[in-house]
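Data first, discussion second: the structure below is written as structure tokens.
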Amino acid sequence: MSKAVLAPLETIRTRMVVGVGSRHIGGSFVEIMEQNGWRGLWVGNTINMIRIIPTQAIELGTFEYVKRSMKGAQEKWREDGCPKIQLGNIKIELPLHLLSPVAIAGAAAGIAGTLMCHPLEVIKDRLTVDRVTYPSISIAFSKIWRTEGIGGLYSGLCPTLIGMLPYSTCYYFMYDTIKTSYCRLHKKKSLSRHELLIIGALTGLTASTISFPLEVARKRLMVGALQGKCPPHMIAALSEVIREEGLLGIYRGWGASCLKVMPNSGITWMFYEAWKDILLDDKDKDRD
């Protein structure tokens, strides 16, 4: 639902981040309309829909599983003691009980989703940036595979993982923290849909702002080959941006990103919590 509704903002954001066309949201919108009409705003949306279904399923499933496993393990460690490592005659106890299960689960969710679905992200970006060279999903996949091999489908994977770790960790941790704190402050056991929407939006804004420079580097690496000057690594990509556009360049497209990320995050968490309520209620009824 969130990807279908917000596809135009994703298209504008991707163009601005990789340096294609206007540097302003309004100018980029006008350029797309002039070149491709309103359909151009949904360029790459099919692959985006194909990508988001397994990505969100893997991420949210991994998040819930790892979070519950970590909480169970920490309870056991508190009773039996934490794991120890032997270094010669010295035993060192690992204070794993101090780790946040939500933060660990968030990092694991981001890594799992990225590893499984990164090729679809690469194809989506190619379709968004250069529709002439890559007119369809099948042609884009064929060209990337033929000219760049499996490495092309996983281009930009390292900066993606590096950028995903702080984003995903912060994203899930902030959501859980804000939600829990809000419930305690207002003495609530559950939140309304509009409250979940607002909390989800604030979560997306915070996480996106922290990790945005890494997102700029990632996009540059993923589509750099289209312009014939692909940076060799993430640091080089960031240096290139700073050299060409100054420090503000690493936040180019941040406004468009926030316009997309905030409603996307809000809608995602609202629907996720709604479906959890429905499915858990059904399970409780079945048990009764």
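The values are calculated or read from the model by the stated rules, or taken from the named source; none is laboratory data. Only a predicted model underlies this, so the values are computations on that prediction, with no experimental measurement involved. Cβ: placed from backbone, ideal geometry, glycine included. Neighbour counts: every protein chain shown. The protein model used for the area step is the full one, side chains on, heavy atoms only, and it has no ligands, DNA or RNA in it. Shrake-Rupley method; radii C 1.70, N 1.55, O 1.52, S 1.80 Å.
Before moving on, here are some points about what is shown:
- Per the conditions (1) open to solvent by 30 Å² or more (accessible area, probe 1.4 Å); (2) under 21 Å from V216 (Cβ atoms); (3) in contact (Cβ under 8 Å) with a residue 24 or more places away in the chain, the sole criterion not satisfied by T11 is (1).
- Qualifying residue in segment 152-159 (condition: closer than 30 Å to S100 by Cβ and among the hydrophobic types (A, V, I, L, M, F, W, C)): yes
- Annotation note: Cβ proximity below 9 Å between a residue of segment 62-74 that is in contact (Cβ under 8 Å) with a residue 12 or more places away in the chain and a residue that is of a type in the set (F, W, Y) (sequence gap 6+ or interchain) occurs for F63/Y172; K67/Y172.
Here is a yes/no grid of residues against (1) touching a helix residue (DSSP H, G or I) at 6+ places or on another chain (Cβ under 6 Å); (2) more than 13 Å from P119 (Cβ to Cβ):
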{"site": "T133", "(1), (2)": "no, yes"}
{"site": "S136", "(1), (2)": "no, yes"}
{"site": "A140", "(1), (2)": "yes, no"}
{"site": "E148", "(1), (2)": "no, no"}
{"site": "L157", "(1), (2)": "yes, no"}
{"site": "P166", "(1), (2)": "yes, yes"}
{"site": "T169", "(1), (2)": "yes, yes"}
{"site": "F173", "(1), (2)": "yes, yes"}
{"site": "T177", "(1), (2)": "no, yes"}
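- Selected residue (only one of G266, G246 is at pLDDT 75 or above, open to solvent by less than 30 Å² (accessible area, probe 1.4 Å) and at positive phi): G246
- Filtering segment 32-41 to residues that are within 17 Å of K124 (Cβ to Cβ) and open to solvent by less than 50 Å² (accessible area, probe 1.4 Å) leaves I32, G40, L41.
- In segment 36-45, the qualifying residues are those that are part of a helix (DSSP H, G or I) and touching a Lys or Arg at 6+ places or on another chain (Cβ under 9 Å), and the one that is farthest from S136 (Cα to Cα) is N36.
- Restricting segment 42-63 to residues that are loosely packed, with under 14 Cβ neighbours inside 10 Å and closer than 19 Å to E273 by Cβ, the residue that is farthest from the chain's Cα centre (by Cα): G61
- Search result, residues across segment 117-152 that are assigned to a helix (DSSP H, G or I), open to solvent by 20 Å² or more (accessible area, probe 1.4 Å) and β-branched (V, I, T): V129, I137, I139, T147, I150
- When each of K91, K71, K84 is tested for being open to solvent by 70 Å² or more (accessible area, probe 1.4 Å) and in contact with a helix residue (DSSP H, G or I) (Cβ under 9 Å, 6 or more places away or on another chain), the lone residue that passes is K71.
Okay, residues lined up against (1) in a helix (DSSP H, G or I); (2) modelled with pLDDT of 85 or more; (3) touching a Ser or Thr at 6+ places or on another chain (Cβ under 9 Å); (4) over 26 Å from G163 (Cβ atoms):
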| residue | (1), (2), (3), (4) |
| --- | --- |
| I32 | yes, no, yes, no |
| I52 | yes, no, yes, no |
| T62 | yes, yes, no, no |
| S69 | yes, yes, no, no |
| G72 | yes, yes, no, yes |
| R78 | yes, no, no, yes |
| Q86 | no, no, no, yes |
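- Filtered by the rule that a residue be farther than 18 Å from E10 by Cβ and without any contact (Cβ under 8 Å) to a residue 40 or more places away in the chain, segment 118-139 gives V132, P135, S136, S138, I139.
- Count of segment 153-193 residues which are in contact (Cβ under 8 Å) with a residue 24 or more places away in the chain and assigned to a helix (DSSP H, G or I): 24
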